[in-house]
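**Q** One structure, as structure tokens, below. Some questions next.
The values are calculated or read from the model by the stated rules, or taken from the named source; none is laboratory data. What you are looking at is a predicted structure, and each value in this text was computed from that prediction instead of being measured. A quick note on method: Cβ atoms are made from the backbone with ideal geometry, for glycine too, and the neighbour counts reach across all protein chains shown. Accessible surface is based on the protein model in full, side chains and every heavy atom, while ligands, DNA and RNA are left aside. Shrake-Rupley method; radii C 1.70, N 1.55, O 1.52, S 1.80 Å.
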Amino acid sequence: MQKIAILYDASQAVLSTLDLDEVLQQILTIARDYFHLQNVAILLLDKDREELYVRRQIGWDDGQDKIWVPIGEGITGAAAKLKRPIYAPDVDKDARYIRSTRATRSELAIPLMVRDQVVGVLDCQSETVNHFDAETSDMLTLFSTQASMALQNARLHALERQRATQLEAINAIAQQMTAVLDLKELLSKVCVLIEHAFQVSHVSVLLLDEDDLVLRANHGKLTPRTLDIGRLPAGIGPWGRCLLEGATLIENGGSIEPGLYVETASRMCIPLVSFGQTLGVLVLESERAGTFNENDTQPLESVADICATAIQNANYVDRVKQLAYLDGLTGIFNRRFFEMRITEEIERARRFGSGMGVIMVDIDQFKRLNDEFGHLLGDEVLRQVSSLLHQQLRKIDVVCRYGGEEFAILLSQTSPQHSLAVAEKLRRMVEAWQFPGVARPVTISAGTANYPEHGTTRDELVKAADAGLYAAKQSGRNRVCLPPEPVSHVSRAALVTAT
């Protein structure tokens, strides 16, 4: 009667709460105290992997609670497979025993069942050989039935609470995503919101760029494997498989593939797809094994769809902005972009103590060319000259159509000698080019100026480069000149006259 009373009290304690962590702790504490056990653990079943993982334990050696036990292996795995208690009175004589603590001498593993399905295993260990007699085993088996019910109730309650929280999070994310149209700000906010709402250790957004994935944003507490993650080949790694299969990929521990961060123990990769176009991969990582399950897939895929649509919208906005900075005839940047970029280049040169160059280029006698061959051919000359200039410059340099037949070029990290050499190379290239339909050579004149040698502001540098261009025109055209010393005032009207 006393043992029945103990079992009743234990069952009431286990069933007194719906918090999963509290239920687990109650089960372990009761099993340890009421049944005089030194080591006790609850292993839960991961259905996808068909493996048991330690969800909570008391008394195990450090690090041993990180193990995964396949169904059928070890004493706990055997209990899960056979759906009945497995007892090893002397673990030293049982080849199935997987050591969790050096002091263990006997082990009793009891499956935790809901109807006919195993949800986990109650693993009881003692430092005494043959500690579990038949009566104790029966008592623990009865207790495990109550524990299974409490565990299932707590899991269902946690699942409903999680779903409610996830729906709130999805709604909040959707509202905030529609309010952000700047791509950089959007991606940063995506990572922060998901990390907070879904309680993961790290969130990363990888976007496709040609044949690579580029880490565009991340947020969390994990340690990067390298200081510069940079570009990742799109065909390898878990994110590569996610892209290839076009489906969510879950890795929940065990032999998880090394990824972006050192401490990752479980990972979920979700493709970012908008209107049939794959944009990249949303990567969620946790330092705890078994974090992700099938219940997380649908809400997180909904979040990924919201993010993909927001990213696509932000890309459209970026393209519209880019179109505002492009010249309609030549396809290169226009004067509006030049005015924005020259300020940035001057500030960068000032901050890093480097040089930058400005080249003003003008097609010689362009009005006469239009009069001789017509405006359609004149437009084609403009397109081909802009293409030649663009092709001969570095990726970090910028060429813009400044107006009419005039071009402006910005050279990053450049000395006056290099600016002059670049301008001369461009001049020779245009002079040697055969322009279809034009029976005579087309030439350009150019003036160069450099920060800080010829000025430290936008107006000073453009004025100096204009002065060099004016000097080139006055000296006979088809040449490159530095600004005269001191730089004289050159009006745009005077430059047009020289042209």
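**Q** Of everything in region 120-132 that's surrounded by 19 or more Cβ atoms within 10 Å (Cβ to Cβ) and touching a helix residue (DSSP H, G or I) at 6+ places or on another chain (Cβ under 9 Å), which residue is farthest from R102 (Cα to Cα)? It would help to see each step written out before you state the result.
**A** Applying the first criterion (surrounded by 19 or more Cβ atoms within 10 Å (Cβ to Cβ)) to region 120-132 yields 120-126, 131-132.
So of that shortlist, the ones also touching a helix residue (DSSP H, G or I) at 6+ places or on another chain (Cβ under 9 Å) come out as 120-125, 132.
Details: G120: 23, V121: 21, L122: 19, D123: 15, C124: 14, Q125: 11, F132: 18 Å.
In this case the residue turns out to be G120.
**Q** So, one more: Being of a type in the set (S, T, N, Q) and closer than 11 Å to L112 by Cβ is the filter; apply it to region 133-160 and report the residue that is most open to solvent (accessible area, probe 1.4 Å).
**A** Among them, the one singled out is T145.
**Q** Give A109, A103 a once-over and let me know the one that is open to solvent by less than 10 Å² (accessible area, probe 1.4 Å) and in contact with an Asp or Glu (Cβ under 9 Å, 6 or more places away or on another chain).
**A** Values: A103 fails: open to solvent by less than 10 Å² (accessible area, probe 1.4 Å).
Just a single option satisfies the conditions, and that option is A109.
**Q** For region 38-64, what are the residues that are more than 21 Å from T141 (Cα to Cα) and open to solvent by 50 Å² or more (accessible area, probe 1.4 Å)?
**A** Listed by number, the residues that qualify are K47, D48, R49, E50, D62, Q64.
**Q** Output the residues belonging to region 79-100 that are open to solvent by 30 Å² or more (accessible area, probe 1.4 Å), among the small types (G, A, S) and in a strand (DSSP E or B).
**A** None; the set is empty.
**Q** How many residues does region 305-326 contain that are surrounded by fewer than 18 Cβ atoms within 10 Å (Cβ to Cβ), assigned to a helix (DSSP H, G or I) and among the aliphatic types (A, V, I, L, M)?
**A** Matching residues across region 305-326 total 4.
**Q** What's the number of the only condition in (1) part of a loop (DSSP other than H, G, I, E, B); (2) in contact with a helix residue (DSSP H, G or I) (Cβ under 8 Å, 6 or more places away or on another chain); (3) more than 30 Å from Y470 (Cβ to Cβ) that R288 fails to meet?
**A** The failed condition is (2).
**Q** While we're here: Looking at region 231-239, is at least one residue crowded, with 20+ Cβ neighbours inside 10 Å, among the β-branched types (V, I, T) and either more than 26 Å from R55 (Cα to Cα) or in contact (Cβ under 8 Å) with a residue 24 or more places away in the chain (or both)?
**A** No, because not a single residue in region 231-239 is crowded, with 20+ Cβ neighbours inside 10 Å, among the β-branched types (V, I, T) and either more than 26 Å from R55 (Cα to Cα) or in contact (Cβ under 8 Å) with a residue 24 or more places away in the chain (or both).
**Q** Considering only residues that are touching a Gly at 6+ places or on another chain (Cβ under 9 Å) and of a type in the set (F, W, Y), which ones fall in region 336-375?
**A** Of everything in region 336-375, those that are touching a Gly at 6+ places or on another chain (Cβ under 9 Å) and of a type in the set (F, W, Y) turn out to be F366, F373.
**Q** Report yes if some residue within region 248-256 is surrounded by 18 or more Cβ atoms within 10 Å (Cβ to Cβ), in contact with a Leu (Cβ under 8 Å, 6 or more places away or on another chain), β-branched (V, I, T) and under 11 Å from V281 (Cα atoms); otherwise report no.
**A** yes
**Q** If you don't mind, another one. For a quick check of your reading of the model, give me the residue pairs whose first member lies in region 275-299 and is farther than 10 Å from I250 by Cβ and touching a residue at least 12 places away in the same chain (Cβ under 8 Å), whose second is of a type in the set (S, T, Y) and surrounded by fewer than 21 Cβ atoms within 10 Å (Cβ to Cβ), with beta-carbon atoms closer than 9 Å and at least 6 apart or on different chains.
**A** F275/T309; E285/S201; S286/S201; E287/S201; R288/S201
**Q** Next question. Name the pairs: first residue in region 145-167 and more than 23 Å from A304 (Cβ to Cβ), second residue open to solvent by less than 70 Å² (accessible area, probe 1.4 Å) and among the acidic types (D, E), Cβ to Cβ under 7 Å, at least 6 apart or on different chains?
**A** A154/D19
The rows are residues; the columns are (1) among the small types (G, A, S); (2) modelled with pLDDT of 85 or more.
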| residue | (1), (2) |
| --- | --- |
| S266 | yes, yes |
| G276 | yes, no |
| E285 | no, yes |
| T291 | no, no |
| N295 | no, no |
| D305 | no, yes |
| A308 | yes, yes |
| E347 | no, yes |
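**Q** Same structure again: Could you grab me the full set of residues in region 251-274 that are among the hydroxyl-bearing types (S, T, Y) and either in contact with a His (Cβ under 7 Å, 6 or more places away or on another chain) or touching a residue at least 24 places away in the same chain (Cβ under 8 Å) (or both)?
**A** Correct list: Y261, T264, S266, S274.
**Q** Here are some residues: T104, T76. Which one is under 23 Å from E135 (Cα atoms), at pLDDT 90 or above and in a loop (DSSP other than H, G, I, E, B)?
**A** Every option except T104 fails the conditions.
**Q** In addition: Cβ-Cβ under 9 Å, sequence separation 6+ or interchain: first residue in region 20-39 and in contact (Cβ under 8 Å) with a residue 12 or more places away in the chain, partner open to solvent by 20 Å² or more (accessible area, probe 1.4 Å) and aromatic (F, W, Y). Which pairs?
**A** Going by the 9 Å Cβ cut-off, the qualifying pairs are N39/W60.
**Q** Does region 51-64 include one or more residues that are part of a helix (DSSP H, G or I) and under 28 Å from R267 (Cα atoms)? Can you show your working first?
**A** Step one: of region 51-64, the residues part of a helix (DSSP H, G or I) are 64.
If we keep only those that are under 28 Å from R267 (Cα atoms) as well, we get 64.
There is at least one residue in region 51-64 that is part of a helix (DSSP H, G or I) and under 28 Å from R267 (Cα atoms).
**Q** Moving on to the next point. In region 197-207, which residues are in contact with a strand residue (DSSP E or B) (Cβ under 9 Å, 6 or more places away or on another chain) and not in a strand (DSSP E or B)?
**A** Across region 197-207, the qualifying residues are F198, Q199, V200, S201.
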